[in-house]
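Only the coordinates and a few stated rules stand behind these numbers; no lab work does. Since we're looking at a predicted model, the values are computed, not measured. Glycine gets a Cβ as well: all are built from the backbone with ideal geometry, and neighbour counts include every protein chain shown.
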Amino acid sequence: MNKMTALRFRSVRLSISFLCVACCILPATGYTSENNNQHSIEQSIDDVARTYHASLLYIFSQQKLINSTQGNKSRLFGSALTDNVKETYRALFAQDFPSREDKYINLLLKHMVLVMEDNRTLLLDEHISYKGFIPAIFAFQLSTKFRERGYGINIKFTNVRSRIRNTLSAPDQWEQQALNTLVKDQNSIILDSKASYQGQPAVRYMRPVRMTPLCLNCHGRPKDNPVNNGLEESQWQTKDRTGFYMEGWKLGELGGGISVVIYGENVAGYDESN
């Protein structure tokens, strides 16, 4: 990270608390505006990131239902989905869900529902016992919808280039620099209110994601792979259930980051003093 770029970053300290749930996404306190009466762009971008964060956790928590070949799956769709994401948010951050008056939150909830509808046939299939619809897939599809529709806001779950599986989710230069910072200090978020994106003024944000025990099922060592349970070590598979080779990552390492950028007309006239 060059000196000029480093000066533009503001690192907001976080308190990371561990939940008694198995997930790759850990909660953190968010940004608080100095003017509580002003719902600033900084607050909006943090609300979006945490809502996205909560949705990934909810999809993670529903893996057993997602992969089942029978049963009522209504809580994966429509208003039941968004209600459960809101409840997950409240449990995760111990605070009320952001106002639906925020256009970005509305867009995010709407497109979560669209992603699940796109996958309805797969999710309701009675013959496929492993659907492969993991949080990373949900995150990528949700991010793609935002990018393709040109709302002036993009969201992405990414990682440093040396640790990325889906190259379509690879970090851009700003994200790589932010991730490099988080590798050294996982108790911070990165907020850059003087950034640019595609040649336009932008506010950019990166939230850390830590490795937890369940992450190791796919990203740890062969002994962490559930498909190897009960097998002799000589019979262990080195690929996870999704078909990727396991990387040997460890607990406490940075598992990636949630990147949000608001750009263009959406930040025109933005006053940093907010």
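Please state, as a whole number in µm²/s, the translational diffusion coefficient that the Stokes-Einstein equation yields for segment 67-181 at 20 °C and 1.002 mPa s, with Rh defined as the Kirkwood radius across alpha carbon pairs.
Values: Rh = 16.1 Å.
For the chosen part, D equals 133 µm²/s.
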In order over segment 191-201: 3J(HN,Hα) from phi, Karplus 6.51/-1.76/1.60, θ = phi - 60°, whole Hz, x for each Gly or Pro, gives 10, 10, 8, 10, 8, 9, 8, 6, x, 10, x
Ranked output for segments 186-199, 110-123, 50-63 by mean other Cβ atoms within 10 Å, highest leading, reads 50-63, 186-199, 110-123
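Determine, for each peptide in 227-235, 98-106, the mean count of other beta carbons within 10 angstrom over its residues, then list the peptides with the highest first.
Working: 227-235: 9.3, 98-106: 14.7.
Descending mean neighbour count gives 98-106, 227-235.
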For K145, counting only aspartates and glutamates whose alpha-carbon sits under 16 Å away and dropping same-chain residues fewer than eight positions off, the answer is E117, D118
Straight-line reach check, K86, cutoff 17 Å on alpha carbons, 8 or more apart in-chain or any other chain, hits among lysines -> K103, K110
Expressed in nanometres to one decimal, the distance between label points 7 Å along Cα→Cβ at R163 and E233 is 2.6 nm
Between A94 and I128, the two model label points (7 Å from Cα along the beta-carbon direction) sit apart by a distance in nm of 4.0 nm
Output row, site R241, 7 Å Cα→C-beta label point, backbone N cut-off 16 Å, window segment 190-215, residues 213-215
Convex hull around the C-alpha positions of segment 154-274: the volume in Å³ per residue is 112 Å³
Taking a straight Cα-to-Cα line shorter than 13 Å from K184, and setting aside same-chain aspartates and glutamates fewer than 8 residues away, one finds E253
